[in-house]
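Q: One structure, as structure tokens, below. Some questions next.
Each value in this text was obtained by applying a stated rule to the coordinates, not by laboratory testing. Please read all numbers here as calculations on a predicted model, not as lab measurements. FYI the Cβ positions are ideal-geometry reconstructions off the backbone, even for glycines, and counts take in every protein chain you see.
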Amino acid sequence: MKRILLFLSLSGCLMLVASCGKTAPFSIGADISFVPQSEEMGVVFQDGQGVEQDVCLLLAQHHFDHIRLRIFVNPEAEKGYAPGKGYCDLAHTIAMAKRIKAAGMKFALDFHYSDTWADPDKQYKPSAWEGLAGEALEYALYTYTRDVLTALKEAGVAPQTIQIGNEINHGLVWPEGYIDDNATEADWKAMLGIYKAGQYAAREVLPDSKLMVHLALGGENTLCRQFLDKMIQEEAAFDIIGLSYYEQWHETYDDLKANLYDLSARYNKPVCVCEYGANKENIKRINDIVRSTPNGLGYGTMAWEPTRTLFTSPDSSLVGRMPRPGQEGEVFRLRAAPDVLQLYDEIYAQYSDPNYRPEEEPPFERTVEKGEQIIGADISWVPWQEDSGIRFSDKGAEKDVLQILKENKFNWIRLRLFVDPTAENGYSREGYCGLEQTLAFAKRIKAAGMKFLLDFHYSDNWADPGKQYTPAAWKQLSGSGLEGQLYRYSHETIKTFIAEGVRPDMVQIGNEVNHGMLWPQGKIDDSYMPFGVLLRCASAGVRAADPTILIMVHLACGGMNEESVFFLDKIISRDVKFDIIGESYYPQWHGTLDDLKRNLTDLATRYGKPLIVVEYQEHAREVNEIVRDLPDGLGWGTFIWEATSPQWGGLFDKKGRTTGKIDIYKRT
């Protein structure tokens, strides 16, 4: 690193580029790094009339002005991206950059600092750098960056924008540059030392190019601020804040908007959504959000590999981005899709007016308002009991179980939901607690005038601190694939409940998740990071379907304050968005009533969030009174677990008749 600092002192590149005071034009960009690979495999691009044209010229005609290319260190390495082909190496990048420049567009270079993909799931060290650490690793990255940028400059295709790493919110060049929720100051210093090696090279070779820091944290403001504050602390430079935004991983549109607005104001830097999955539904939405960033700090967007959206295959012979194996040598014609490209034409026309601002509402602010004190019950067993012939009655009068509970002052019902209870190791061959059964029961709850809490177990069977089995249908998924599936399942399920007229009033994103969820990926060991991502995806899926639904995080730590605080501090630090703290309380596992009172009182004071004892069995009067009397009215209520089970809730006997235990609720 001493040699790096010497170069810098000679070139004077330590200064950050100052922000321009006037409003910058909005940039419409794309990453089309797959194009050389797809063209070599037989793909040709055509305009809307079927005339073959260079893809860069076609995009420029529709007002794209900024193209990003990724570069791998050695994609031909044994474990590289393209052994024997070299796609996304320096030679391919120079050739493609010349086409970009010839089309009159700006060029952004995305250093992956790996032989293959680098993203939050993986940042593999290049094979040529194996065994290097500390200053030796930093110098290797510096010289590589310097040499690549020098070659591009000499070829006449210097990039105007440079990314020092791709989606580096979990670090880069692992393991030396790895960071997670347990990262120490030394870990951050090491990671940012690697980043700064690339920064120094970029400032030396291309001092006028802009440095974009790229984080896969579109809607995660807490984590963005943590990362950027560490950069500033360690004097790591960035001119543009670049964020990936994919709906299934990076929260809701409101979260994206709130994050962009805050970051641009807090750091006085332009913000760019430098990756998004473009489709007809989100192109205008995402671009408008970025454009609406106050003070003209919405730099622009870059659609990630959008050719499969912007172009269509007239004969449907090409599926996805590439020809399938065995199709090499054939010609695949991709014709411009006018209905999609027109969206960019319209955006350009609107944004050409420097005074134009999209009509964006202010970011949605979540609020919680306490209603009637909750006297709730989980009665998910009822459909099975009724199918088994049990008829419920109160004082000799047979009635619907919901009517009995309501007459005894219950006003909320909780139902658990399994992903596929009919799976081989699922909960019920008959489908109890599956979607169809739960929808039917939810309709009865709403018809009875009661409120409804939906408890996602995210499993085919019981999920609790001792087990959180991944659903059978999701077993082959891992990493971002599992995270995306969790988002989609949560989102689609809530939309289904809403479409059926039974919108949940509150949703639990997981059941007793203090040891994690969706094991093994989401099991909490030393790090909360994988679990935190999953929990964020679950929350975002619900909120994207309806932002007004209350979200509960449920842990089984009723009287265990140290465990509760550690867990909640961790998930809050991981940017998990939730409204209500739910606790299970069973004395044999969770302490005395005094322990419960001390814990809930501290949590109310510490976090200012409503609390619900969402499962309990014993001490009904005492538990309800403890919750009712919490500070600032933050004790919202309780749910007795399986109220209709003689073995658990005990409010009914084995013949469905009420017991004396139910009388307490009229007096509570």
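Q: Report the one residue of VAL35, TYR253, PRO504 whose Cα lies farthest in the direction of the positive end of the charge dipole of the chain (charges on C-beta: Lys and Arg +1, Asp and Glu -1; origin at the Cα centre).
A: PRO504
Q: Find which of THR293, PHE332, SER264 sits farthest along the positive direction of the dipole of region 204-361, computed with +1 on the beta-carbon of Lys and Arg, -1 on that of Asp and Glu, about the Cα centre.
A: Positive-most Cα among the choices belongs to PHE332.
Q: Also: Just in region 238-313: which trypsin sites (Lys or Arg not before Pro) are loop by DSSP and have at most 15 other Cβ atoms within 10 Å?
A: Those satisfying the criteria are LYS280.
Q: Say R0 is 60 Å: what FRET efficiency, to the nearest 0.05, do LYS280 and ARG391 get from their beta-carbon distance?
A: 0.70
Q: Here's another thing I want to ask about it. For region 27-109, what number results from the quotient of the Cα radius of gyration and 2.2 N^0.38 Å?
A: The reported ratio for this selection is 1.13.
Q: By how many degrees, between 0 and 90 and to the nearest 10, does the Cα long axis of helix 2-11 differ from the longest principal axis of the chain?
A: That works out to roughly 60 degrees.
Q: Right, here's the next one. Taking only the Cα atoms of the chain, how large is their convex hull per residue, in Å³?
A: Roughly 171 Å³ of hull volume per residue.
Q: Calculate the spin-label point distance for GLN61 paired with GLN588, positioning each point 7 Å from the Cα along the beta-carbon direction, and give it in nanometres.
A: Those two pseudo-labels are separated by 7.4 nm.
Q: In the chain, if the dipole is taken from +1 on Lys/Arg beta carbons and -1 on Asp/Glu beta carbons about the Cα centre, which of ALA377, GLY218, HIS457 is farthest to the positive end?
A: ALA377
Q: Over 31 Å between Cα atoms: which of LYS280/LYS609; LYS210/LYS523; LYS495/LYS666; LYS446/LYS666; LYS451/LYS609; LYS577/LYS654 fall into that group?
A: LYS280/LYS609; LYS210/LYS523; LYS495/LYS666; LYS577/LYS654
Q: Which of the GluC sites (Glu not before Pro) found in region 15-117 are loop residues per DSSP with 14 or fewer other Cβ atoms within 10 Å of their Cβ?
A: For GluC sites (Glu not before Pro) across region 15-117 that sit outside H, G, I, E and B with at most 14 neighbouring Cβ atoms in 10 Å, the list reads GLU78.
Q: Only Cα pairs under 8 Å and at least 6 apart count here; give the relative contact order of region 114-268 as a rounded whole percent.
A: 23
Q: Another question, if that's okay. Using Cα atoms only, what is the angle between the long axis of helix 185-205 and the major principal axis of the chain, expressed in degrees (0 to 90) to the nearest 10?
A: For 185-205 against the chain, the angle is about 30 degrees.
Q: In region 233-264, which GluC sites (Glu not before Pro) fall in coil by DSSP and have 14 or fewer other Cβ atoms within 10 Å?
A: Those satisfying the criteria are GLU235.
Q: How large is the dipole of the chain about the Cα centre if only Lys and Arg carry +1 and Asp and Glu carry -1, each at its Cβ, rounded to the nearest 20 debye?
A: Around 760 debye, computed over the chain.
Q: What do you get for Rg/Rh over region 433-567 if you use C-alpha atoms and the Kirkwood form of Rh?
A: So for region 433-567, dividing Rg by the Kirkwood Rh gives 0.97.
Q: Kindly give the semi-axes, whole Å and largest first, of the ellipsoid equivalent to region 502-545, taking each as the square root of 5 times a Cα gyration tensor eigenvalue.
A: Working from the Cα gyration tensor, I get semi-axes of 22, 11, 7 Å.
Q: Oh, and also: Would you compute, from DSSP H runs of 4+ residues alone, the mean residue ellipticity of the chain at 222 nm, taking -39500 (n - 2.57) per run and dividing by the full residue count, rounded to the nearest 500?
A: Estimated from H runs of four or more residues: -11000 deg cm²/dmol.
Q: Hey, how many Å between the Cα centroid of region 56-106 and the Cα centroid of region 245-304?
A: Comparing the Cα centres of region 56-106 and region 245-304, I get a distance of 24 Å.
Q: What is the chain's relative contact order, in percent, from Cα pairs under 8 angstrom and six or more apart in sequence?
A: Relative contact order comes out at 11 percent.
Q: For LYS85, which lysines qualify as cross-link partners when the Cα separation must be under 30 Å and same-chain residues fewer than eight apart are set aside?
A: LYS98, LYS101, LYS106, LYS122, LYS125, LYS153
Q: Okay, next question. Quick check: the angle from helix 338-351's long axis to the longest principal axis of the chain, C-alpha only, nearest 10 degrees?
A: Once rounded, one gets 80 degrees.
Q: Using Cα centres only, tell me the gap between region 504-581 and region 429-447 in whole Å.
A: If you average the Cα positions of each part, the centres end up 24 Å apart.
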